[in-house]
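These notes are about the structure you will find just below.
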């Protein structure tokens with residue numbers, strides 16, 4: 001399952017929220033989470049991968065979770081996006 | 001016991017264990033290995049060691065500096081665990097039978113390059129984090145013995161070849177009791193920093209780094225310029241006494257704290273302090289400063305990984321202005337470049353950085369950086385008595401351009417209904433000979449001059465003050481310098497402006513009688529020099545000093561000038 005966000009933070013995705021995303025993804029051992037933007041897909045276990053997407057304000061980002069806890073994982077990641085002021089759900 | 005003579009850079013006496021600060025050589029070579037499994041095990045154990053270090057630094061940073069500063073180390077920890085980094089390194093070791101340090105360096109370089117090529121300035125700056133993490137792991141892989149100065153956790157005396165501005169910015173004042181370096185003079189950054197931190201320092205010792213070992217007991221005598229290595233008990237006892245009597249003298253000076261600075265014939269001059277951060281204001285008040293004559297804003301930009309935002313700057317300027325309670329605060333706009341680098345700006349290396357793209361030259365091109373600072377200053381202006389000065393002005397045109405940007409930002413703020421003070425004095429640093437020579441023209445357009453002697457001397461004498469072999473040319477008392485200073489002061493007075501000095505010369509006991517005689521209005525120095533200077537000035541008559549200065553201007557050499565001053569006044 002997946003959710004798509006629009007980046008609202010003026011700094012784009014910077015180190016602090018990227019750290020929070022990776023830490024959150026790592027909590028769900030049985031589930032793989034990915035970030036996809038601009039035709040590039042990276043694992044959310046890699047902070048360098050997340051930063052390498054080069055996301056800036058206004059960009060669109062899709063978070064994908066696959067595995068037994070995909071529902072919880074994706075909700076937790078969505079919370080980070082919103083609570084860190086990173087982005088808003090693109091519906 | 002051995003003793004080494006150096007240059008007394010910051011007064012006082014410190015006694016503590018030696019901490020050797022050496023920047024290690026991170027060069028790696030392509031080395032073939034046979035046993036790839038044990039090479040991977042070596043990588044793992046280096047990663048573990050790095051992790052343990054980072055956890056400790058993170059915990060301490062959290063405790064001392066708060067959550068925000070600690071977060072950077074959290075992201076470093078994640079980089080250490082990053083499969084996109086570590087897996088390719090392991091693959092490389094296995095597939096190419098190459099040593100771990102080479103594999104790591106190669107892989108990390110790709111990420112560094114990737115960050116550098118990113119569109120967003122913020123992400124470009126992440127290259128610095130990548131470099132930092134890589135160095136930490138390489139240190140273990142190469143078995144290098146290096147502790148970052150920010151990681152010192154006991155009372156020490158730091159011993160180094162030299163201390164760079166970024167080294168000094170990281171020093172923890174609670175633990176660093178003094179320092180001593182092989183190179184440098186009274187005006188090197190490390191010396192200036194020591195005086196602003198009020199820790200004793202001896203620089204230019206030539207060989208203290210090779211003479212002392214980590215853990216040796218060291219006495220730094222910043223009064224005499226002596227360093228003692230492993231002194232015997234009796235010597236330590238003597239120095240403890242000296243430490244006490246120095247503290248007593250400091251007490252004597254303290255009585256002048258709330259007194260104005262007046263010559264014996266009743267002329268008032270202003271003694272102000274040079275500061276680097278809002279924390280330094282406490283020292284200014286403590287030492288009875290009548291203002292801040294130089295607020296070096298570079299430190300706001302150093303020791304961090306991105307440009308400081310307008311709000312971060314606004315808070316810093318506002319804090320200083322408020323704490324100074326209406327006393328004048330001269331803020332120098334960003335003076336970066338030259339030997340003061342900002343890694344995240346990724347400026348190209350230059351052949352002659354001191355003659356290159358720095359200070360206002362950089363600010364006029366990178367207007368984004370400059371405008372942000374000007375806005376922050378203007379917003380802060382309503383919180384005290386703000387004066388702004390531009391560094392490294394070489395031509396009138398540069399001053400006019402910088403002033404125009406300031407005026408633009410001011411109008412913008414006013415149209416946004418943000419309050420801006422109406423009486424902000426605007427001045428320039430006089431540190432380039434062309435500007436000193438043209439001071440009469442500048443004086444028609446600026447509100448004040450502040451003479452930056454450190455650069456003015458090196459540009460006038462064409463001698464790098466950091467280069468030991470030509471350091472003899474760093475001659476503050478050379479009549480050439482005195483004549484330039486006189487031109488600037490006279491030009492200011494003819495137009496009803498004031499002239500100050502914020503170089504090291506302003507606090508120098510030999511220079512003060514001359515500067516007083518030349519008519520200098522404001523002397524800005526390290527906070528700790530203020531009370532001794534006030535005490536000295538109270539014993540000098542301005543009329544006598546005018547005669548003395550007149551004689552000095554007509555002498556041939558710096559030595560003659562020093563002799564003249566020594567004979568005329570007892571310091």
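When only residues in the range B:448-473 that are assigned to a loop (DSSP other than H, G, I, E, B) and touching a residue at least 40 places away in the same chain (Cβ under 8 Å) count, which is surrounded by the fewest Cβ atoms within 10 Å (Cβ to Cβ)? Give the derivation first.
Of the residues in the range B:448-473, the ones assigned to a loop (DSSP other than H, G, I, E, B) are B:452, B:462-467.
Then keep just the ones that are touching a residue at least 40 places away in the same chain (Cβ under 8 Å); that gives B:452, B:464-466.
Numbers: B:452: 26, B:464: 16, B:465: 20, B:466: 18.
Checking each candidate, the answer is B:464.
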Residue satisfying all of: in the range B:343-363; surrounded by fewer than 22 Cβ atoms within 10 Å (Cβ to Cβ) and touching a residue at least 40 places away in the same chain (Cβ under 8 Å); farthest from residue B:292 (Cα to Cα) among these = B:346
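Here's the yes/no breakdown for (1) in contact with a strand residue (DSSP E or B) (Cβ under 8 Å, 6 or more places away or on another chain); (2) over 20 Å from residue B:483 (Cα atoms):
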{"residue": "B:526", "(1), (2)": "yes, yes"}
{"residue": "B:529", "(1), (2)": "no, yes"}
{"residue": "B:536", "(1), (2)": "no, yes"}
{"residue": "B:543", "(1), (2)": "no, no"}
{"residue": "B:566", "(1), (2)": "no, no"}
Any chance the range B:118-129 includes a residue that's modelled with pLDDT under 85, crowded, with 21+ Cβ neighbours inside 10 Å and not assigned by TED's automatic domain parsing to the domain that holds residue B:40?
-> no
Residue that is farthest from the other protein chains (Cβ to nearest Cβ), among those in the range A:10-25 that are more than 10 Å from the chain's Cα centre (by Cα) and within 12 Å of residue A:80 (Cβ to Cβ) | A:23
When every residue in the range A:61-91 that is at pLDDT below 90 and over 23 Å from residue B:75 (Cβ atoms) is compared, the one surrounded by the fewest Cβ atoms within 10 Å (Cβ to Cβ) is A:91
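Kindly indicate which of B:48, B:91, B:37 is assigned to a helix (DSSP H, G or I), away from chain A (no Cβ under 14 Å), more than 26 Å from residue A:44 (Cα to Cα) and free of Cβ contacts under 8 Å to residues at least 60 places away in the same chain. Don't jump to the end; show me each part of the working.
Working: B:48 fails: more than 26 Å from residue A:44 (Cα to Cα); B:91 fails: more than 26 Å from residue A:44 (Cα to Cα).
Unique residue meeting the criteria: B:37.
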Report yes if some residue within the range B:526-537 is in a loop (DSSP other than H, G, I, E, B) and surrounded by fewer than 18 Cβ atoms within 10 Å (Cβ to Cβ); otherwise report no.
-> no
The range B:416-435 residues that are in contact (Cβ under 8 Å) with a residue 60 or more places away in the chain, paired with ones that are surrounded by fewer than 16 Cβ atoms within 10 Å (Cβ to Cβ) (beta carbon under 9 Å, 6 or more apart) | none
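Which one of B:368, B:423, B:397, B:417 is under 17 Å from residue B:297 (Cα atoms) and surrounded by fewer than 21 Cβ atoms within 10 Å (Cβ to Cβ)?
Numbers: B:423 fails: under 17 Å from residue B:297 (Cα atoms); B:397 fails: under 17 Å from residue B:297 (Cα atoms); B:417 fails: under 17 Å from residue B:297 (Cα atoms).
Within the list B:368, B:423, B:397, B:417, the selection yields B:368.
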Which residues, counting only those in the range B:203-221, are buried (at least 24 other Cβ atoms within 10 Å of the Cβ) and modelled with pLDDT of 95 or more?
-> B:218, B:219, B:220, B:221
Answer with yes or no whether residue B:376 is farther than 30 Å from residue B:477 by Cα, modelled with pLDDT of 95 or more and crowded, with 20+ Cβ neighbours inside 10 Å.
-> yes
Can you name the residue in the range B:170-187 that is farther than 23 Å from residue B:244 by Cα and in contact with a strand residue (DSSP E or B) (Cβ under 6 Å, 6 or more places away or on another chain) and is also modelled with the highest pLDDT among such residues?
-> B:181
Quick check, is residue B:84 more than 36 Å from the chain's Cα centre (by Cα), surrounded by 16 or more Cβ atoms within 10 Å (Cβ to Cβ) and in a helix (DSSP H, G or I)?
-> yes
List the number of the failed condition for residue A:38; all other conditions in (1) in contact with a strand residue (DSSP E or B) (Cβ under 9 Å, 6 or more places away or on another chain); (2) surrounded by fewer than 18 Cβ atoms within 10 Å (Cβ to Cβ); (3) more than 12 Å from chain B (Cβ to nearest Cβ) hold.
-> (3)
Has the range B:496-509 got at least one residue that is modelled with pLDDT under 95 and surrounded by fewer than 19 Cβ atoms within 10 Å (Cβ to Cβ)?
-> yes
Tally, over the range B:1-57, of residues that are surrounded by 20 or more Cβ atoms within 10 Å (Cβ to Cβ), in contact with a strand residue (DSSP E or B) (Cβ under 9 Å, 6 or more places away or on another chain) and farther than 28 Å from residue B:178 by Cα = 1
Condition met for residue B:72 (crowded, with 18+ Cβ neighbours inside 10 Å, within 26 Å of the chain's Cα centre (by Cα) and over 21 Å from residue B:190 (Cβ atoms)) = yes
Condition check for residue B:515: buried (at least 17 other Cβ atoms within 10 Å of the Cβ) and modelled with pLDDT of 95 or more | yes
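Conditions (1) farther than 20 Å from residue A:19 by Cβ; (2) out of contact with any helix residue (DSSP H, G or I) (no Cβ under 7 Å at 6 or more places or on another chain); (3) more than 10 Å from every other protein chain (Cβ to nearest Cβ); (4) in contact (Cβ under 8 Å) with a residue 12 or more places away in the chain, marked per residue:
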| residue | (1), (2), (3), (4) |
| --- | --- |
| B:95 | yes, yes, yes, no |
| B:111 | no, no, no, yes |
| B:118 | no, no, no, no |
| B:131 | no, no, yes, yes |
| B:136 | no, no, yes, yes |
| B:141 | yes, no, yes, yes |
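The values are calculated or read from the model by the stated rules, or taken from the named source; none is laboratory data. Being a predicted model, the structure only gives us computed values, none of them experimental. Methodologically, a virtual Cβ is constructed for each residue, glycine included, from the backbone with ideal geometry; neighbour enumeration extends over all protein chains shown.
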